[in-house]
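See structure below.
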């Protein structure tokens with residue numbers, strides 16, 4: 001293993017630098033290779049209508065920092081920010097909760113596991129309740145289906161879309177030379193990584209130096225395995241900090257394994 005391992009970051013450009021800083025602090029060399037870009041859905045009459053009628057919902061669920069950012073921008077524009085502060089809000093993940101708190105919204109519930117399915121127990125009895133899900137256009141339907149199965153009314157409103165990013169020449173050059181780790185932070189980062197590398201004439205499953213794949217959570221890992229990747233590690237907790245710790249652990253294991261081979 002390289003004494004200063006190269007770690008490819010595939011998350012959107014505006015979210016990559018904080019992860020890169022954490023990696024540098026632990027002795028890694030980050031390589032930025034955004035595979036997706038985040039775009040708000042504009043115009044979004046469904047979102048505007050939902051924000052104007054926030055008191056009609058028993059719960060409002062936000063699933064990501066990106067969702068918080070775009071929802072808050074529209075809430076402020078529509079004069080609905082105070083109504084959002086008064087709403088009963090559930091947030092998936094500590095980063096989403098933190099983004100809400102910075103805007104004066106205190107989440108009523110944050111599940112201990114940062115996946116959509118884990119939020120349902122914290123909502124209590126949902127039969128007859130109206131629940132607003134503010135999420136990505138490509139979000140999995142699992143949570144809405146579970147709410148409906150228990151007699152609740154799930155109103156799904158897409159807030160933003162993920163679109164393929166333009167391939168970064170420096171990132172492609174690093175991939176051709178070889179990196180030590182590839183990080184995936186969502187299923188869309190996996191899918192678009194495969195598309196971008198294939199379009200560049202690379203085999204994403206047989207890259208130089210056989211980089212190890214590390215995923216931010218089980219849903220992302222499932223998507224990676226479904227596309228043929230071997231996942232070396234999954235972060236826990238499912239955060240950027242957890243992702244860095246997973247890479248550190250893998251590096252330690254690789255170093256120990258190398259020393260054992262040298263010993264024998």
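Just so you know, all these numbers are worked out from the coordinates, no wet-lab data involved. Computed from a predicted model, the values in this text were never measured in an experiment. With ideal geometry, Cβ positions are generated from the backbone for all residues, glycine too; neighbour counts draw on all protein chains shown.
Tell me what the chain gives for mean residue ellipticity at 222 nm when only DSSP H runs of n ≥ 4 count, each as -39,500 (n - 2.57), the sum divided by the residue total, rounded to 500 deg cm²/dmol. It would help to have the intermediate numbers written out before the result.
On the way: 10 runs with 113 residues, N = 264.
When only DSSP H runs of four or more count, the value is -13000 deg cm²/dmol.
Using the eigenvalues of the Cα gyration tensor, what equivalent ellipsoid semi-axes result for the chain when each is taken as the square root of five times the eigenvalue, whole Å, largest first? Intermediate results must be reported in sequence, preceding the final value.
Working: eigenvalues 276, 74, 54 Å².
Each semi-axis is √(5λ); the values are 37, 19, 16 Å.
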**OP:** May I have the convex hull volume per residue, in Å³, for the Cα set of region 152-229?
**Re:** 109 Å³
Original post:
Given labels modelled 7 Å from the Cα in the Cβ direction, how far is it in nm from residue 210 to residue 148?
Top reply: 4.5 nm
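So between residue 137 and residue 39, what do we pick up on full extension, going 0.36 nm a residue minus the alpha carbon distance?
Numbers: separation 98, 0.36 × 98 = 35.28 nm, distance 1.03 nm.
Once the chain is fully extended between residue 137 and residue 39, it gains 34.3 nm.
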Original post:
In vacuo Debye scattering of region 97-157, one point per C-alpha: log10 I(q)/I(0) at q = 0.14, 0.21 Å⁻¹?
Top reply: -0.42, -0.93
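For region 39-163, how big is Rg over Rh, using alpha carbon atoms and the Kirkwood form of Rh? Please report the intermediate quantities before stating the final value.
Working: Rg = 13.1 Å, Rh = 14.2 Å.
Rounded to two decimals, Rg/Rh equals 0.92.
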Original post:
Can you give the FRET efficiency for residue 125 and residue 195, using 1/(1 + (r/R0)^6), R0 = 35 Å, r = Cβ-Cβ distance, to the nearest 0.05?
Top reply: 0.20
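What number does region 204-255 give for Rg over Rh if you use C-alpha atoms and the Kirkwood radius?
On the way: Rg = 11.0 Å, Rh = 11.3 Å.
Reported Rg/Rh, Kirkwood definition of Rh: 0.98.
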Original post:
If each of residue 46 and residue 78 carries a label point 7 Å out from its Cα toward its Cβ, how far apart are those two points in nm?
Top reply: 1.3 nm
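Evaluate the relative contact order of the chain (contact order divided by residue number), counting alpha-carbon pairs under 8 angstrom at least 6 apart; express in whole percent.
Numbers: 487 pairs, mean separation 53.9, N = 264.
Normalised by residue count, the contact order of the chain is 20 percent.
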Subject >> Separation between Cα centres of region 157-226 and region 228-245, rounded to whole Å >> reply: 14 Å
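Sort the following peptides by mean Cβ neighbour count (other Cβ atoms within 10 Å, averaged over residues), highest first: 114-122, 166-174, 183-191. Write out the running numbers ahead of the final one.
Numbers: 114-122: 17.8, 166-174: 14.2, 183-191: 24.8.
Packing proxy ranking, top to bottom: 183-191, 114-122, 166-174.
Figure the gain on full extension for residue 236 and residue 248 (residue separation times 0.36 nm, minus the Cα-Cα span) and round it to one decimal in nm.
On the way: separation 12, 0.36 × 12 = 4.32 nm, distance 1.24 nm.
In short, 3.1 nm is gained.
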Subject >> Taking 72, 59 and counting other C-beta atoms within 10 Å, the order from fewest to most >> reply: 72, 59
